[in-house]
Amino acid sequence: MGRFQNWRGLPLHWILPLLFFCVGLLYLYAAPHFEASDNIPHVGVVKWIAERGALPVQSAEHDHLYGQEASQPPLYYLLMAPIWALADTSDFDEMFQLNPFVLIGHPKRLGNRNLVLYRQPYPPDLRGSSLALYAIRLVTLCMATATVAAVHQSARTILPESAGFALLAFSLAAFNPMFLFISTSVSNDNLVSMFAALACWGGLRMLRDGFDARRSVALSIAVALAGLSKLGGLVMAPALALAGLWLWRRGGDRRGFFILLGSLAIALLLLLGWWILRNLQLYGELFGTSAMLDFFGRRSVSLSQLLLEEFQGLRISFWGLFGAFSILTHDLFYQLMDALCLLGAGGLLLHAWGCRRRPFQLAVLGYLGFLLAVGGAMLIWWTMQTTASTGRLLFPYISSIALLLALGLRALRIPPLLISAPLFAFAVAAPFLYIIPNYQHPPQLEALPASARPADAQWDDIRLVGHQLPPPQRYAPGDHIPLSLYWQPQAQSSERLALFLTVIDADGQAIATIDSFPGWGSLPTTWWQPGAIYRDDYILQLPEDAAGYSSARLHIGWYAYPDGSDIRPELAAGGATDSYILPLGAFVDGASRELAGEGLIADGTVFGDAIQLNAYRFGDGSLLELEWRLLREMAGDWRVFAMVFSEPYQAGAAFEILLQHDAAPAVALEHLRPGETFQTRHLFPLPAGFSGEHGVYVGWYNDDLVQRLAAPYPSNMLELPGLRFGAPADETQS
């Protein structure tokens, strides 16, 4: 117990950053190189500078790897370029292969999360270009470690007597899964966040201790370097100026204030001036933002539209939306973070009231609040011009966010460990729960598992040796269909083949489909090993707005990507076939299946105590429509017969069938529920000149059971009398 009570005496100022660095290594391992937002163009800028010795220029051409990032302040790229230049990166073009089926910005759709095809995602490939990128990402993680260390020191500056408050503020920044994810990516967000956090810490010390010439110079350099890393870092300049003005008005140190202002002006001029002049020469503007918008794409949305339509994405992506805006965590995590933010905001009001007579604490609130408000306003301004509603753009102000939240939660007397410990646990678990499963290759097996059903179909050199599908069942819009396919390549493939999995109805129309390289986009066929068995798992998502009422089947096929035709499968038992299709059950969208319109005749006859004939209609001289209601669960291949005899039917007497049309329900009875209505349609093929009134006898039969459903009529057949066959009178006259 004594050791536990003394935890506050531990040297947390270095233990906590070290802990963050270790957790960051998990994310470095879990996330492949190019999967964070805008990673590819960031790598492109680094590569360009390292190989050409000059900054890239923003242009209208869209084939440069650096994309829109050519207009960014260059400090991060200038620091990373020497690391890239030290490695042998001649293999970059071979390593950098885009996934053409990637789903960007669709986190609720499954699969194809990888922007790039990785030949060896796990364990990491530590050679050539991959090694250079890991080195850059490791240095970037060190920047993020300095950021969270500055957050911790900022908290100690605000409340030096409260180790718990410092732990809480640190945890809110360091154990944010999204911050960890970005911290191990190639991104200038990490450098600007580091300098902004250091400047924030220095500003808080200035508010507490007063002006100091050396500190003012160091702060000014940090602010200028933050601006040279990313424009959001320039928010620190007016914040520090206002903090200095408050100190001057309160203590009368005019000299200290002007030293601060002069240092800021000189640092910004010396460190940013050359870059601004370059922008004026190249783009005719100070910061190159218009050139970036011209490349990336402009838009114009209102503030209300922005808040209503995109705030949710901003909020989610601040806490954890991995990949290319495509991998969500659990909904409960976001709900808990929402509750935490609301509690923190409420507690912050309580804290502000409690320190209304404590000038330093009020100044801290104003300073941190100004940073966050201006940074948020800049993000809103930028997002109203282009699509940029992503939470990582708030990370330069993560010191303000973490400190203000921690102050609010402390005011509510919430124990720090009650928040820090679960955040830490979730941050450690997230790479294994959400990131790695989306990028690892499908497993290789030595033999087909006993749970799989053997199959034997082959597309060129790709053989399907087995599959696992759910038992035939009823599906509705929004349902998911999990399946596993077991492939065994017979030879090394020289071209990339794409797989399609399509849920089709009885008419062959698609309900849902997946187009992908194997491994749900992770493993092209050119990388397969002949003879190995690959388990390929998928989840087919039926669209929420899908409409249909039919049997459902799975169509499996392959084609040469990008423009090759479908490859015909060959069956071991029967040679070539047009398509390979497996049963899934039925798809029912829930719409009403009752007959509508005029001419309906109610009936009510019950067959086998299971199926009731609600109504029927006869039209166009040959079409009989029957509306049925299922009264109890049924199974089996039951069908409806409809027959016209030459004479009225009499049991035991000879009969002649003139017309007959049997039909099965569009959805098998085993997939219907008691109380549901369905139809059968019977279009009689009329011989030439056939006309007149006839009775049609209907009933239910099952060939497998060699029986009919019982009905209170001879031979279990209900007669629908007096139906007029032949062309309508108006057509005959015409």
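The values are calculated or read from the model by the stated rules, or taken from the named source; none is laboratory data. None of the values given here were measured: they were computed from a predicted structure. Methodologically, a virtual Cβ is constructed for each residue, glycine included, from the backbone with ideal geometry; neighbour enumeration extends over all protein chains shown. Only protein heavy atoms, including side chains, enter the accessible area calculation; ligands, DNA and RNA are left aside. Shrake-Rupley method; radii C 1.70, N 1.55, O 1.52, S 1.80 Å.
Which condition does I380 not pass, out of (1) within 24 Å of the chain's Cα centre (by Cα); (2) more than 19 Å from M292 (Cβ to Cβ); (3) surrounded by fewer than 20 Cβ atoms within 10 Å (Cβ to Cβ), if it passes all the others?
(2)
Tally time: how many residues in the stretch 552-604 are within 28 Å of D620 (Cβ to Cβ), of a type in the set (V, I, T) and surrounded by 16 or more Cβ atoms within 10 Å (Cβ to Cβ)?
1
All but one of (1) touching a Pro at 6+ places or on another chain (Cβ under 8 Å); (2) at negative phi; (3) buried (at least 17 other Cβ atoms within 10 Å of the Cβ) hold for H351; which doesn't?
Of (1) touching a Pro at 6+ places or on another chain (Cβ under 8 Å); (2) at negative phi; (3) buried (at least 17 other Cβ atoms within 10 Å of the Cβ), only one is false for H351: (1).
Would it be correct to say that G675 is in contact with a Pro (Cβ under 7 Å, 6 or more places away or on another chain), open to solvent by less than 80 Å² (accessible area, probe 1.4 Å) and farther than 16 Å from S551 by Cα? Walk me through it before giving the result.
Numbers: in contact with a Pro (Cβ under 7 Å, 6 or more places away or on another chain): no; open to solvent by less than 80 Å² (accessible area, probe 1.4 Å): yes; farther than 16 Å from S551 by Cα: yes.
No; evaluated as a whole, the condition is false for this residue.
Out of (1) modelled with pLDDT of 95 or more; (2) more than 20 Å from L371 (Cα to Cα); (3) within 35 Å of the chain's Cα centre (by Cα); (4) not small (G, A, S), what's the single condition that is false for L225?
Only one criterion is unmet by L225, namely (2).
What number of residues in the stretch 405-416 are assigned to a helix (DSSP H, G or I) and either at pLDDT below 95 or surrounded by fewer than 24 Cβ atoms within 10 Å (Cβ to Cβ) (or both)? Reasoning before the result, please.
Taking the stretch 405-416 and keeping what is assigned to a helix (DSSP H, G or I), we get 405-411, 416.
So of that shortlist, the ones also either at pLDDT below 95 or surrounded by fewer than 24 Cβ atoms within 10 Å (Cβ to Cβ) (or both) come out as 405, 408, 410-411, 416.
Counting residues in the stretch 405-416 that are assigned to a helix (DSSP H, G or I) and either at pLDDT below 95 or surrounded by fewer than 24 Cβ atoms within 10 Å (Cβ to Cβ) (or both) gives 5.
Kindly establish whether F295 is under 41 Å from the mean Cα position of the chain (by Cα) and either buried (at least 21 other Cβ atoms within 10 Å of the Cβ) or not acidic (D, E) (or both).
Against the criterion (under 41 Å from the mean Cα position of the chain (by Cα) and either buried (at least 21 other Cβ atoms within 10 Å of the Cβ) or not acidic (D, E) (or both)), F295 qualifies.
Pick from the stretch 612-638 the residues that are in a strand (DSSP E or B) and within 19 Å of A727 (Cα to Cα): which of them is modelled with the lowest pLDDT? Break it down stepwise before answering.
Taking the stretch 612-638 and keeping what is in a strand (DSSP E or B), we get 612-619, 623-630.
Subsequent filtering for residues that are within 19 Å of A727 (Cα to Cα) retains 617-619, 623-625.
Working: R617: 96, F618: 96, G619: 92, L623: 96, L624: 97, E625: 97.
By that ranking, first place goes to G619.
Within the stretch 600-609, is even one residue out of contact with any Asp or Glu (no Cβ under 7 Å at 6 or more places or on another chain), over 19 Å from L499 (Cα atoms), outside any loop (DSSP other than H, G, I, E, B) and at pLDDT below 95?
Going residue by residue through the stretch 600-609, those that are out of contact with any Asp or Glu (no Cβ under 7 Å at 6 or more places or on another chain) are 600-609.
If we keep only those that are over 19 Å from L499 (Cα atoms) too, we end up with 600-609.
Now restrict to residues that are outside any loop (DSSP other than H, G, I, E, B): 601-602, 606-607.
Now narrow it down to the ones that are at pLDDT below 95: 601-602.
Scanning the stretch 600-609, I find at least one residue that is out of contact with any Asp or Glu (no Cβ under 7 Å at 6 or more places or on another chain), over 19 Å from L499 (Cα atoms), outside any loop (DSSP other than H, G, I, E, B) and at pLDDT below 95, so the answer is yes.
Go through the stretch 117-132 residue by residue and tally those that are buried (at least 19 other Cβ atoms within 10 Å of the Cβ) and not aromatic (F, W, Y).
Of all residues in the stretch 117-132, those buried (at least 19 other Cβ atoms within 10 Å of the Cβ) come to 117-118, 121, 125, 129-130, 132.
Among the residues that remain, those that are also not aromatic (F, W, Y) are: 117, 121, 125, 129-130, 132.
Going through the stretch 117-132 one residue at a time, the tally reaches 6.
If you check every pair at least six apart or on different chains, which have Cβ atoms under 8 Å apart with a residue in the stretch 639-652 that is farther than 14 Å from G722 by Cα and without any contact (Cβ under 8 Å) to a residue 40 or more places away in the chain first and a residue that is of a type outside the set (S, T, N, Q) and open to solvent by less than 90 Å² (accessible area, probe 1.4 Å) second?
Listed by first residue and then by second, the contacts come to nothing, as the list is empty.
Got at least one residue in the stretch 194-217 being assigned to a helix (DSSP H, G or I), of a type in the set (V, I, T) and either in contact with a Cys (Cβ under 8 Å, 6 or more places away or on another chain) or open to solvent by less than 10 Å² (accessible area, probe 1.4 Å) (or both)?
No: the stretch 194-217 contains no residue that is assigned to a helix (DSSP H, G or I), of a type in the set (V, I, T) and either in contact with a Cys (Cβ under 8 Å, 6 or more places away or on another chain) or open to solvent by less than 10 Å² (accessible area, probe 1.4 Å) (or both).
If the requirement is being without any contact (Cβ under 8 Å) to a residue 24 or more places away in the chain, of a type outside the set (D, E) and more than 30 Å from A664 (Cβ to Cβ), which of these qualifies: S522, S565?
Step by step, each of S522, S565 is checked, and only S565 is without any contact (Cβ under 8 Å) to a residue 24 or more places away in the chain, of a type outside the set (D, E) and more than 30 Å from A664 (Cβ to Cβ).
So that you can scan it fast, the table gives a plain yes or no per residue for (1) on the phi < 0 side of the Ramachandran plot; (2) of a type in the set (K, R); (3) modelled with pLDDT of 95 or more:
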{"residue": "A457", "(1), (2), (3)": "yes, no, no"}
{"residue": "D460", "(1), (2), (3)": "no, no, no"}
{"residue": "L464", "(1), (2), (3)": "yes, no, yes"}
{"residue": "H467", "(1), (2), (3)": "yes, no, yes"}
{"residue": "R474", "(1), (2), (3)": "yes, yes, yes"}
{"residue": "H480", "(1), (2), (3)": "yes, no, yes"}
{"residue": "L485", "(1), (2), (3)": "yes, no, yes"}
{"residue": "Q492", "(1), (2), (3)": "yes, no, no"}
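Among the residues of the stretch 268-292, what is the count of those that are of a type in the set (G, A, S) and without any contact (Cβ under 8 Å) to a residue 40 or more places away in the chain? Steps first, answer last, please.
First, the residues of the stretch 268-292 that are of a type in the set (G, A, S): 273, 284, 288, 290-291.
Next cut, without any contact (Cβ under 8 Å) to a residue 40 or more places away in the chain only: 273, 284, 290.
Count: 3.
Go through F678, F641 for me and flag whichever is within 22 Å of A602 (Cα to Cα), modelled with pLDDT of 95 or more, touching a Gly at 6+ places or on another chain (Cβ under 7 Å) and not in a helix (DSSP H, G or I). Steps first, answer last, please.
Values: F678 fails: touching a Gly at 6+ places or on another chain (Cβ under 7 Å).
The unique qualifying residue is F641.
Here is a yes/no grid of residues against (1) outside any helix (DSSP H, G or I); (2) at pLDDT 95 or above; (3) closer than 30 Å to R250 by Cβ; (4) out of contact with any strand residue (DSSP E or B) (no Cβ under 8 Å at 6 or more places or on another chain):
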| site | (1), (2), (3), (4) |
| --- | --- |
| E285 | yes, no, no, yes |
| F311 | no, no, no, yes |
| L314 | no, no, no, yes |
| L340 | no, yes, no, yes |
| L343 | no, yes, no, yes |
| V364 | no, yes, yes, yes |
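For (1) over 30 Å from A576 (Cβ atoms); (2) open to solvent by 40 Å² or more (accessible area, probe 1.4 Å); (3) outside any loop (DSSP other than H, G, I, E, B); (4) of a type in the set (A, V, I, L, M), each residue gets a yes or a no:
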{"residue": "L371", "(1), (2), (3), (4)": "yes, no, yes, yes"}
{"residue": "L423", "(1), (2), (3), (4)": "yes, no, yes, yes"}
{"residue": "L433", "(1), (2), (3), (4)": "yes, yes, yes, yes"}
{"residue": "A447", "(1), (2), (3), (4)": "no, yes, no, yes"}
{"residue": "A455", "(1), (2), (3), (4)": "no, no, yes, yes"}
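Which one is nearest to Q468 (Cα to Cα), of the residues in the stretch 536-548 that are open to solvent by 50 Å² or more (accessible area, probe 1.4 Å) and either out of contact with any strand residue (DSSP E or B) (no Cβ under 6 Å at 6 or more places or on another chain) or not in a strand (DSSP E or B) (or both)?
E544
Within the stretch 611-636, restricting attention to residues that are open to solvent by 30 Å² or more (accessible area, probe 1.4 Å) and in contact with a helix residue (DSSP H, G or I) (Cβ under 9 Å, 6 or more places away or on another chain), which residue is nearest to L672 (Cα to Cα)?
Looking at the filtered set, the residue picked out is E633.
For the stretch 637-669, what are the residues that are open to solvent by 40 Å² or more (accessible area, probe 1.4 Å) and not hydrophobic (A, V, I, L, M, F, W, C)?
The answer is D637, R639, S646, E647, P648, Y649, Q650, G652, E656, Q660, H661, D662.
Any idea which of M236, M178 is under 21 Å from L268 (Cβ atoms), in contact with a helix residue (DSSP H, G or I) (Cβ under 7 Å, 6 or more places away or on another chain) and open to solvent by less than 40 Å² (accessible area, probe 1.4 Å)?
Numbers: M178 fails: under 21 Å from L268 (Cβ atoms).
On inspection, the qualifying residue turns out to be M236.
Could you check the stretch 29-65 and list, in sequence order, the residues that are open to solvent by 10 Å² or more (accessible area, probe 1.4 Å), free of Cβ contacts under 8 Å to residues at least 40 places away in the same chain and in a loop (DSSP other than H, G, I, E, B)?
G53, A54, E61, D63, H64, L65
Which one of R553, R593 is closer than 28 Å to Y475 by Cα, charged (D, E, K, R) and not in a loop (DSSP other than H, G, I, E, B)?
Numbers: R593 fails: not in a loop (DSSP other than H, G, I, E, B).
Only one candidate qualifies: R553.
Could you please tell me which pairs satisfy a Cβ distance under 6 Å, a separation of 6+ or placement on different chains, a first residue in the stretch 654-672 that is in contact (Cβ under 8 Å) with a residue 40 or more places away in the chain and over 17 Å from E594 (Cα atoms), and a second residue that is of a type in the set (V, I, T) and assigned to a loop (DSSP other than H, G, I, E, B)?
So the pair list comes out empty.
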